[in-house]
Amino acid sequence: MKLQNKVALITGGTSGIGLETAKQFRDEGAYVIVTGVNPERLEAATNELGPDALVIAADLRNTADLDKVIAAIRTRYDHIDVLFANAGAGTAAPLEAVTDEQIDEQFSLNFKGVFFTVQKASPLLVSGSSVILTTSFLNRVGAPGLSILSASKAAVRSLALTLGAELASRGIRVNAISPGPISTPFHSKLGLSDADLTAVAAGIEAQVPLGRFGEASEIARTVVFLASDDSSFMTGSEIIVDGGISHF
Ligand SMILES: NC(=O)c1ccc[n+]([C@@H]2O[C@H](COP(=O)([O-])OP(=O)(O)OC[C@H]3O[C@@H](n4cnc5c(N)ncnc54)[C@H](OP(=O)(O)O)[C@@H]3O)[C@@H](O)[C@H]2O)c1
């Protein structure tokens, strides 16, 4: 097993890519800690991941919630081997409709949430540990109506470089996973009407050279690679798993 006895924190681990990654980490022998917000999804994740998983309610826009997560890990495990800073969300809006609040909301979770997750987990990260940040194909593709989400993900791409450079001397690797369009609840949370969502999804699918949305498991397999010693000489990299949408 690739992650035997590793302690792995996965933010946004109650749904989609994070939940699938938590399952694969567990199956590779890791002790998993997942965070989320929605009570039903927290409960469903508890049932899916089994009794050994630690499932914690935490809104990552709130640093006090992050302190609570880190304190719980400190109490149970005392250290972290793998940090998957993955929680994220977006709101679709064209240029003229973007509001101050939307910008704050998205940067607060997608950028500040990721930044403070790494900062607050940092004292528990041991030499040899792996940090993985979730970016998006949107940091390389211009998608109308997704300016703020895309910019927040470009900021996270930058963070993987800077934090990779800062943490290398402690033997900590920092890389990013850049998913293409993936079948998860993410899109239903963009604030689009059902009709718009269907049209947008069809439009995106048509742009993917491989002709389909990806599955969360296809992202999770790459995250397992980045978490494990299989990627031991990688830091500061972003692996793109996007069906080719950002290449052609
Ligand atoms: N799906 C795609 O096409 C796609 C493409 C590129 C990048 N990504 C990125 O992949 C990551 C995972 O997305 P996904 O597709 O798996 O979507 P998802 O199924 O909606 O999962 C998002 C996770 O983030 C959590 N989350 C949302 N708001 C939060 C907050 N304020 N504080 C803490 N956690 C919060 C959610 O918790 P609740 O469920 O409790 O709200 C959930 O666990 C995101 O960073 C997303 O930007 C997704």
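The values are calculated or read from the model by the stated rules, or taken from the named source; none is laboratory data. Note that this is a predicted model, so its numbers are computed, not measured. Quick reminder, even Gly has a Cβ in these numbers, built from the backbone with ideal geometry, and neighbours come from all protein chains shown. Note: areas computed on protein heavy atoms with side chains; ligands, DNA, RNA excluded. Shrake-Rupley method; radii C 1.70, N 1.55, O 1.52, S 1.80 Å.
Averaged over every viewing direction, what's the projected area of the C-alpha convex hull for the stretch 7-241? Give it in nm², one decimal, please. It would help to have the intermediate numbers written out before the result.
On the way: hull surface 48.9 nm².
The directionally averaged projection comes out at 12.2 nm².
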Q) Do the sum for the chain: with -39,500 (n - 2.57) for every DSSP H run of n ≥ 4, divided by all residues, what is the mean residue ellipticity at 222 nm, to the nearest 500 deg cm²/dmol? A) -12500 deg cm²/dmol
**Q.** Span-rule helices in the chain, defined as complete DSSP H runs reaching 27 Å or more along the axis (Cα) with Kyte mean at least 0.0
**A.** 147-167
Q: With a Förster radius of 22 Å, plug the Cβ-Cβ distance of A44 and E215 into 1/(1 + (r/R0)^6) and report the FRET value to the nearest 0.05.
A: 0.75
**Q.** Whole-angstrom Cα spans of the stretch 1-46 along principal axes, big to small
**A.** 31, 14, 14
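Just the number, please: carbon plus sulfur as a percent of the accessible area of the chain, 1.4 Å probe, no ligands or DNA/RNA counted.
54 percent
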(Q) Can you tally the net charge around S130? Count Lys and Arg as +1, Asp and Glu as -1, for every other residue whose Cβ sits under 10 Å from the Cβ of S130. (A) 0
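Report the full-extension gain for the segment A64 to A199: residue separation times 0.36 nm, less the Cα-Cα distance, to one decimal in nm. Don't jump to the answer; show the numbers that get you there.
Values: separation 135, 0.36 × 135 = 48.60 nm, distance 3.90 nm.
Answer, rounded to one decimal: 44.7 nm.
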Q: Can you send over the solvent-accessible area of V224, 1.4 Å probe, protein chains only, in Å² to the nearest 10?
A: 10 Å²
**Q.** Solvent-accessible area of F111 with every protein chain in place, 1.4 Å probe, in Å² to the nearest 10
**A.** 60 Å²
(Q) On a 1.4 Å probe surface of the protein chains, which of F84, F225 comes out largest in accessible area, and what is the full order? (A) F225, F84
Q) Residues with amide H under 5 Å of V55's amide H, sequence separation 5 or more or different chain, H placed in the peptide plane at 1.01 Å from N; which? A) V34
**Q.** Candidate residues M1, M234: accessible-area rank, largest first, probe 1.4 Å
**A.** M1, M234
Q) For L3, what is the net charge nearby, where nearby means another residue's Cβ is under 10 Å from its Cβ and Lys, Arg count +1, Asp, Glu -1? A) -1
Q.
Within the stretch 1-45, name every residue whose backbone N is under 19 Å away from a label modeled 7 Å from Cα of S188 along the Cβ vector.
A. 12-21, 36-45
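Which length gain, in nm to one decimal place, applies between E105 and R170 when the Cα-Cα distance is subtracted from 0.36 nm times their residue separation?
Details: separation 65, 0.36 × 65 = 23.40 nm, distance 3.24 nm.
Working it through step by step, the gained length comes to 20.2 nm.
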Q: Enter the accessible area of T162 (Å², nearest 10), with the probe set to 1.4 Å and all protein chains included.
A: 70 Å²
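Do you know the relative contact order of the stretch 7-241, to the nearest whole percent, from alpha carbon pairs under 8 angstrom that are 6+ apart?
Numbers: 436 pairs, mean separation 50.5, N = 235.
Relative contact order here is 21 percent.
Express in nm, to one decimal, how much length is gained between S127 and D27 on full extension, taking 0.36 nm for each residue of separation and deducting their alpha carbon distance.
Working: separation 100, 0.36 × 100 = 36.00 nm, distance 2.32 nm.
Extra length from S127 to D27 when fully extended: 33.7 nm.
For the chain, what is the accessible area per residue in Å², given a 1.4 Å probe and the full set of protein chains? Mind showing how you got there, number by number?
Numbers: 11090 Å² over 248 residues.
Value returned for the chain: 45 Å² of accessible area per residue.
Which FRET efficiency value, to the nearest 0.05, is calculated for E96 and R157 with the Förster distance at 22 angstrom and r the Cβ-Cβ distance? Could the numbers behind the result be given before it?
Details: r = 27 Å, r/R0 = 1.21.
So, using R0 = 22 Å, E works out to roughly 0.25.
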